[in-house]
Structures are given as C-alpha cells and as structure tokens.
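For reference, the structure is listed below as structure tokens.
The values are calculated or read from the model by the stated rules, or taken from the named source; none is laboratory data. Just so we're clear, the structure is a prediction, and the values are computed from it rather than from any experiment. Ideal geometry is used to build each Cβ from the backbone, glycine not excepted, and the neighbour counts take in all protein chains shown.
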Amino acid sequence: MLRHFIDTQDFSKAELLDMIELTRRIKAADRQGCTPKLLQDASLAMIFEEPSTRTRVSFEVAMTELGGHALYLKPGEIHLGVRESMYDTAKVLSRMCDGIFARTLQHETIAELARHAEVPVLNGLTDYNHPTQVVCDVTTMIEHMPAGKKLEDLNVTFIGDATNVLSSLMLICSRLGMNFTHAAPVKYQAPAEWRQWAQENCQVSGGTVTITDDPVAAVKQADFIYTDLWWWVGQEDQIPERQAAFMPDYQVNLKLFEQAPAHCKFMHCLPASRGVEATDEVMDHPRSIIFDQSENRLHTEKGLLVYFLYPRMKRPSEELKAYHKGQIEAFIQTTRADK
Ligand code: CP
C-alpha cells in the first residue's frame, strides 16, 4: 500500500515507534561502518521552495549512504504548479523516482502533491508542520532519557512561538503518551485546532498537554526544554512586536534553564538566532544536546526513507538480472556501430 509521510497524525503510536526503532538500528549499524545499502539504485526527487541546511544535507547524504541518489530541485528550478499542473508534476516524478521529498511554503502544496503521486511523498517542512524533525527529536530524547524514566514519563516543555515545529512536537508527544507543555504569551500560543487534536491524542495515549503563559512554571518538571525561532522568513515586519512579546521572559537563558531539574537537557531544531530565543550559555551548555539532535536528522532520514521506500523496491533474483544483462549484451553485439 502506498503511504506518504505528511503528518505524524496519519500514524499510530506503534508505527511511529517502529520508525524510531528503525532509525536507532540503522544508526547503530552506521556507528560500526555497516550502513546496509537498502535503497541501492533508488532515486529521491527533493523539491525545496525554501532554503535548508540540515534537511537538505541529511536527506541527500542518507540516500547516498543507503546506496541511492537524491536530486536537489532548488527553489524555482522546476515547474511546480507554475508552468505545469501539480498533477502532471506528481505523475512525471512518480515515473522516474522512487520517492518524492518536498519542503513547501504552504501545506496544501504538499498535500496536493501527495494526492497525485504514485510513490511515497515525505514532508520536509510546511507552514503547518515538520514531521521528520520531530521523529528525530523523540529519537534524541530516548537516547538522553533520564535514569529510571520511560518514554511515557517524559516531560517536554516548548518555550516560544507556535511554529510548525511546535505543532509537530505537540502532536507526536501527545500521540506517544508523553507530557507536553507549551509556554508562550497568549497571542503566540498554539491555535485551538492543534490543541484539540493534541487533546484527542491524549485521550487515547494517556499523555498530557498543558498550555501556559508562565515559562518558569513550565520548566519546573521539564526533562527537556525546547525552543525555536521567534520569527521566520516573511515575518520581518513583526520583529519589534514579537521581540517585545517574548523578551525577556521567554528567552531560554541560564536563569530560566536553572529553574528546571538538574538533569534537564536543552534542545533546538536549528537554525537558531543566538542571543534571541536562547543564549550562547544555554546553546553551548554541557546539557545542550542540539548537535546530537542535528546529527540525528541524518539517521532519522535513513530510518524514514527505508520505512517508506524499501518495501516498494524491486529485488530481482541474480538469475533474472543475468538473463536481462545477457539479452541486452547480445542485442548490442548485433547493432554495434563499429562492427
Ligand atoms: N531544522 C531544520 O529543518 O533545519 P533546516 O531548515 O536547515 O533544514
């Protein structure tokens, strides 16, 4: 069955845990230089409507290390819905590639791509969510789990704007039965629809979601404090207003970090505006795990690519491969221009 990775809400807790476990096994193999070439000769079309460092590099390296190939289709480089319909683009890429990755400005763009694609479509960030990032984040939390705790015991506190990362993190944590808190000024808190989905997740999983405007109360029990940018490309005109709303109370600085338990770790999806949403003291703190988190993007993309693409790969027998090679070589012998 064809499945896309557009939203973690499309997957059960068991399926999300399978993706995480696959990521951890592939990472363990990689640590011993044994990454299996599970996507030998596969191709991934990577459409970017916005710039990227981590997502682009991690998907491209992941495809190479799994034995496949990635095509970087940079902003404006293909006819995505401009001189060609989304339907035609999806059909053409599906005929040539084994998977499609897209980072799109609007969530509806990737949703439409997925409606028409005949190969798996993976979401590399939209204005609504960032699902590959948060599978990586939970994997990183499991690696840094406090002694004596299990996944369902974890307290994750996100401080700051209700970004696409906040949406995905709140939804995956609530689906997995974790305890999630979002601290932000009322105007910048998660919208009602996202909260409702998260609460519905909690009713099934036993997790909790708390929304507050009190950052100190929010970190008191936190195992992980997470933050993200306070403004994104296109929001430059809102910088003074946003800075006034978030600074200084919602900045993750040493004073706020020290309100959390002594084992609490700091996370950031990056890129960061150092000195704005988090200070250097916290970004570079011994309990900051931002670069473990960043590295795990690579291992996670491998896990997700294998999860979605590998089951669809053709794996012909050596006999069948030899048969076709022989047929083609025999034909070439009859047609060579230099004979
Ligand atoms: N975290 C993240 O998605 O980073 P990039 O924008 O660099 O891909």
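Mind listing just one residue for me: the one in the stretch 112-134 that is under 12 Å from His4 (Cβ atoms) and of a type in the set (Asp, Glu) and, of those, nearest to the ligand (Cβ to nearest atom)?
Across the stretch 112-134, the extreme among qualifying residues is Glu112.
Starting from residues that are in contact with a Ser or Thr (Cβ under 6 Å, 6 or more places away or on another chain) and among the small types (Gly, Ala, Ser), keep the ones in the stretch 159-180 and report whichever is surrounded by the fewest Cβ atoms within 10 Å (Cβ to Cβ).
In this case the residue turns out to be Gly177.
Quick one: count up the residues across the stretch 277-325 that are buried (at least 23 other Cβ atoms within 10 Å of the Cβ), within 20 Å of Arg56 (Cβ to Cβ) and of a type in the set (Gly, Ala, Ser).
So the answer is 1.
I'm trying to understand the selection: among the residues of the stretch 156-182, which are among the hydrophobic types (A, V, I, L, M, F, W, C), touching a Gly at 6+ places or on another chain (Cβ under 8 Å) and more than 16 Å from the ligand (Cβ to nearest atom)? So that I can check it myself, show each step before the final result.
Within the stretch 156-182, the first condition is being among the hydrophobic types (A, V, I, L, M, F, W, C), and the residues that meet it are 156, 158-159, 162, 165-166, 169-173, 176, 178, 180.
Keeping just the survivors that are touching a Gly at 6+ places or on another chain (Cβ under 8 Å) gives 166, 173, 176, 178, 180.
Result: Cys173, Leu176, Met178, Phe180.
Pick from the stretch 96-109 the residues that are within 12 Å of Met46 (Cα to Cα) and not small (Gly, Ala, Ser): which of them is nearest to the ligand (Cβ to nearest atom)? Steps first, please.
Taking the stretch 96-109 as the starting set, the residues that turn out to be within 12 Å of Met46 (Cα to Cα) are 97-104.
Now narrow it down to the ones that are not small (Gly, Ala, Ser): 97-98, 100-101, 103-104.
Working: Cys97: 20, Asp98: 22, Ile100: 17, Phe101: 11, Arg103: 8, Thr104: 13 Å.
The residue in question is Arg103.
Just a yes or no: is a residue in the stretch 232-247 without any contact (Cβ under 8 Å) to a residue 60 or more places away in the chain and within 22 Å of the chain's Cα centre (by Cα)?
Yes, the stretch 232-247 contains a residue that is without any contact (Cβ under 8 Å) to a residue 60 or more places away in the chain and within 22 Å of the chain's Cα centre (by Cα).
Please verify whether Gln40 is outside any helix (DSSP H, G or I), away from the ligand (no atom under 16 Å from the Cβ) and not hydrophobic (A, V, I, L, M, F, W, C), treating the condition exactly as stated. Show your work before the answer.
Numbers: outside any helix (DSSP H, G or I): yes; away from the ligand (no atom under 16 Å from the Cβ): yes; not hydrophobic (A, V, I, L, M, F, W, C): yes.
Answer is yes for this residue.
Residues in the stretch 255-270: is at least one within 15 Å of the ligand (Cβ to nearest atom), more than 17 Å from Met141 (Cα to Cα) and polar (S, T, N, Q)?
no
Of the residues that sit in the stretch 301-339 and are more than 23 Å from Ala14 (Cα to Cα) and aromatic (Phe, Trp, Tyr), which one is modelled with the lowest pLDDT?
Phe331
Please specify each residue of the stretch 50-60 satisfying the condition of being more than 6 Å from the ligand (Cβ to nearest atom) and surrounded by 20 or more Cβ atoms within 10 Å (Cβ to Cβ).
Ser58, Phe59
Could you pull out the residue among Glu49, Glu15, Glu21 that is touching a strand residue (DSSP E or B) at 6+ places or on another chain (Cβ under 8 Å) and of a type in the set (Asp, Glu)?
Glu49
Quick check on the stretch 228-243. Is at least one of its residues among the β-branched types (Val, Ile, Thr) and touching a strand residue (DSSP E or B) at 6+ places or on another chain (Cβ under 8 Å)?
Going residue by residue through the stretch 228-243, those that are among the β-branched types (Val, Ile, Thr) are 233, 239.
Then drop every residue that is not touching a strand residue (DSSP E or B) at 6+ places or on another chain (Cβ under 8 Å), which leaves none.
For the stretch 228-243, residues among the β-branched types (Val, Ile, Thr) and touching a strand residue (DSSP E or B) at 6+ places or on another chain (Cβ under 8 Å): absent.
For a quick check of your reading of the model, give me the residue pairs whose first member lies in the stretch 71-98 and is part of a loop (DSSP other than H, G, I, E, B), whose second is β-branched (Val, Ile, Thr), with beta-carbon atoms closer than 6 Å and at least 6 apart or on different chains.
Final answer for the pair search is Asp98/Val119.
Name the residue, out of Leu16, Leu93, Leu2, Leu71, that is modelled with pLDDT of 95 or more, under 18 Å from His299 (Cα atoms), of a type in the set (A, V, I, L, M, F, W, C) and away from the ligand (no atom under 16 Å from the Cβ).
Numbers: Leu93 fails: under 18 Å from His299 (Cα atoms); Leu2 fails: under 18 Å from His299 (Cα atoms); Leu71 fails: under 18 Å from His299 (Cα atoms).
Answer to the selection: Leu16.
Name the single residue, out of those in the stretch 282-321 being within 16 Å of the ligand (Cβ to nearest atom) and not in a helix (DSSP H, G or I), that is farthest from the chain's Cα centre (by Cα).
Among them, the one singled out is Ser288.
Does Val233 count as at pLDDT below 95, of a type outside the set (Asp, Glu) and exposed (fewer than 13 other Cβ atoms within 10 Å of the Cβ)?
Numbers: at pLDDT below 95: yes; of a type outside the set (Asp, Glu): yes; exposed (fewer than 13 other Cβ atoms within 10 Å of the Cβ): yes.
Against the criterion (at pLDDT below 95, of a type outside the set (Asp, Glu) and exposed (fewer than 13 other Cβ atoms within 10 Å of the Cβ)), Val233 qualifies.
Tell me which of these Ala245 doesn't satisfy, since it passes every other one: (1) among the hydrophobic types (A, V, I, L, M, F, W, C); (2) in a helix (DSSP H, G or I); (3) within 16 Å of the ligand (Cβ to nearest atom).
Among (1) among the hydrophobic types (A, V, I, L, M, F, W, C); (2) in a helix (DSSP H, G or I); (3) within 16 Å of the ligand (Cβ to nearest atom), Ala245 violates only (3).
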